[in-house]
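Okay, structure first, notes after.
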Amino acid sequence: MKLYRDERKDNKLTINSSTAAWIRFLRNYGPIPTNDNMYDESIQRALKRHAITPIKLPAPLIDKLVDNFKSPAPISQIVTGTAGDGKTYHCREVWMSLGGDPALWDKGGKIQTLPIGVRSLVIVKDLSELQQEESASLIARFAHDVMNPSATTNYLLAANHGQLLEKLKSAKQTEEVIEVSKAIEEMLVTGINPNRDVHVKLTDLGRSPAAKLLNQIIDTITHHDGWQGCKDCSANNDTDPCPILENRRRLMANGPEHPFRSRLTALIELSEYNSNHFPVRQLLALVANSILGHPDVRDRLMTCDDVPDIQKNYKTYLASIYRNIFGDNLSRRKVEKTELFRKLNAFGIGFETSNQVDNLLVYGADDPGYHTDYETLLLSDKIYGATPAYVSAQHAYLEGTSNTNQNNFLSELRAQRQRLFFTMPNDMEKKYSLWHLTVFHYAGIYLDVVEKIIQGQAVPRRALNMIVRGLNRIFTGMLVQNHDKLVLASSGSYSQSTRSPLLDELISVPRHGGESVSLGADETHGVNIVVRLMYGDQIPPITLELTPTRFEFLGRVSEGALPSSFSLECHEDFLAFKARLLGETQKRREIDGEDQMIDGELVLRFIDLNNDGLAVERRVVVRV
């Protein structure tokens, strides 16, 4: 095993050269100024150059693709998604698994052809690389072959969504191309091929659950054999541990006693339910930055050579993995430009808080009421918790009045809020209102509803009551307390008036007479939460998707608040939903033969609130 010495500080540091090379390679996946982390080809060259064992990324689709092309009756495949979803990686792995020559692939040909028995497979790793004439010719051949059951040529095409549609439209619009284009466009939306004569399957990598992929990526990187030499490194000690190894250790820990991984995947899930997709490339950057981030080193990502100076200057605490998750090791400008960190910082973790959390962090060292929790949540973590830097800033803040002391402590306070979000034991979540450390106070309930729906269990009644009460307050513009009936009201027209005093319909929440209001899954997209309203057998169910943002909006409204940060877009969405409901109630009245005008008298139904805040009906008869 090759070792070398670093004598830049008084004590000598022994570093394993292969581990140092692995760490330098891992930096390529992080948010570095170069674009080497953007391309599969660059990563493969770096692996060979440093003789590093390749990272096997989670890609269950590869086995399915290989089995398909090996089968007696294969069909052509299209792999699509956004930039960084791993399309090129899939194509290369399929090529290799089917016996393709690695050297031929590495030459970078735009179109690769591989014989498989009596058939041939055409692989295009990136459709956008083809010039107009090349793509037009390829699309014409592709359309002809996928509509010809006896064709002996199959295809594996990779392209981003927009590029795929652009290439299809720019090709000569023959009948075959038109038919294939229609089928592909439908598959992009629904995932289902509507035309049996078009023998092609499309897989959108952008629909892969990023939370599951993240756990697999974490396991792959943290268990890579490149870490084996760390046990011989003199920077790995108990008194002042190597920050790289410490971050790796915390990232590896999993299970009920170590909630870090589950909290991180929860943030990813919530983001995706809000239509913020995380490509594999971003997940790799997240893991690399989490382990290697530090604000005082080159590119803000550590190497083994940086560790001695970090330890010598007592700056290990700045490598906190809980800060790195949000890119706090990077410059503010870099964070704002990096999509990954923009999505994660949208949760406001570090800036959002509760009185109990801040009382613990600020006064916990001296307040007997917080003494036990202070020991559990801060003093127990000497590396990133009650560090000398934090204790010193806390003391200066409490004793001094200078702006410098306040700013220093506020920065430390933000870091501790971030750490608490990821480390607070599950049995203390409720006591300290964990999700109040984010802008999504009701995210915990939202994830619980999703889990119950996935497992086929009953949705918590508390969640449904909250949703109905929130809808009622939006629909009426009043602080109604009803949660067993949906109060559908208007202002006398279909205008989006803030206050709606005219009662249109009271709809039973529990199933009664064909009516019901429930929470369920979107039958098209699987586990997306929807609020579903049933009017009976004659009218199809009316649904509205509840993203975490809309769910949060209803939760805040149900408790009497209407925060401006959520109000405008969500309010318009729910008013549009209300307009759909009003239209359906009118249809039902027409089906039932109901008429508000009887013997020249018009009955107006107004909404009154009783002493309990419940909406009750008050009828006024007007003679016309």
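The values are calculated or read from the model by the stated rules, or taken from the named source; none is laboratory data. In this text the structure is predicted, and so the values were computed from the model without any measurement. Here the Cβ positions follow ideal geometry from the backbone for every residue, glycine too, while neighbour counts run over all protein chains shown.
Odds and ends about this structure:
- Checklist (1) surrounded by fewer than 20 Cβ atoms within 10 Å (Cβ to Cβ); (2) closer than 18 Å to Arg323 by Cβ applied to Gly293, failing item: (1)
- Filter result for the condition that a residue is exposed (fewer than 15 other Cβ atoms within 10 Å of the Cβ) and more than 18 Å from Ser271 (Cα to Cα), over Gly492, Gly520, Gly477, Gly470: Gly492
- Residues within region 40-70 that are farther than 14 Å from Leu26 by Cα and in contact with an Asp or Glu (Cβ under 6 Å, 6 or more places away or on another chain), tallied: 1
- Number of the exception - Ser170 against (1) closer than 22 Å to Leu65 by Cα; (2) surrounded by fewer than 17 Cβ atoms within 10 Å (Cβ to Cβ); (3) among the small types (Gly, Ala, Ser): (1)
- Against the list (1) over 19 Å from Leu434 (Cα atoms); (2) in a helix (DSSP H, G or I); (3) of a type outside the set (A, V, I, L, M, F, W, C), the condition Arg417 fails is (1).
- Given (1) part of a helix (DSSP H, G or I); (2) surrounded by 12 or more Cβ atoms within 10 Å (Cβ to Cβ); (3) modelled with pLDDT of 85 or more, number of the condition Glu572 does not satisfy: (2)
- In region 45-74, the residue that is farthest from Ala183 (Cα to Cα) out of those that are of a type in the set (A, V, I, L, M) and at pLDDT 95 or above is Val66.
- Residues in region 89-103 that are under 18 Å from Asp126 (Cβ atoms), without any contact (Cβ under 8 Å) to a residue 40 or more places away in the chain and of a type in the set (D, E, K, R): Glu93 alone.
- Of all residues in region 452-461 being surrounded by 12 or more Cβ atoms within 10 Å (Cβ to Cβ) and without any contact (Cβ under 8 Å) to a residue 60 or more places away in the chain, the one that is farthest from Phe551 (Cα to Cα): Lys452
- Residue match in region 143-156 (condition: in contact (Cβ under 8 Å) with a residue 60 or more places away in the chain, farther than 16 Å from Val198 by Cα and out of contact with any Ser or Thr (no Cβ under 6 Å at 6 or more places or on another chain)): no
- Region 238-285, residues that are assigned to a loop (DSSP other than H, G, I, E, B) and within 15 Å of Phe326 (Cα to Cα): Phe278
So that you can scan it fast, the table gives a plain yes or no per residue for (1) of a type in the set (D, E, K, R); (2) modelled with pLDDT under 95:
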site: Ala389; (1), (2): no, yes
site: Tyr397; (1), (2): no, yes
site: Ser402; (1), (2): no, yes
site: Arg417; (1), (2): yes, no
site: Lys430; (1), (2): yes, yes
site: Gly444; (1), (2): no, no
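- All conditions in (1) assigned to a strand (DSSP E or B); (2) more than 36 Å from the chain's Cα centre (by Cα) hold for Val122, with the sole exception of (2).
- Screening region 40-79 for residues that are part of a loop (DSSP other than H, G, I, E, B) and in contact (Cβ under 8 Å) with a residue 60 or more places away in the chain and picking the one that is farthest from the chain's Cα centre (by Cα) gives Pro74.
- Residue list for region 315-366, filter: more than 19 Å from Arg27 (Cβ to Cβ), touching a Ser or Thr at 6+ places or on another chain (Cβ under 9 Å) and not in a helix (DSSP H, G or I): Ala346, Phe347, Gly348, Ile349, Glu352, Ser354
- The set of residues in region 114-142 that are of a type in the set (Ser, Thr, Tyr), in contact (Cβ under 8 Å) with a residue 24 or more places away in the chain and surrounded by fewer than 19 Cβ atoms within 10 Å (Cβ to Cβ) comprises Ser120, Ser128.
- Residue ID - farthest from Leu157 (Cα to Cα), chosen from residues in region 62-96 that are surrounded by fewer than 17 Cβ atoms within 10 Å (Cβ to Cβ) and hydrophobic (A, V, I, L, M, F, W, C): Ala73
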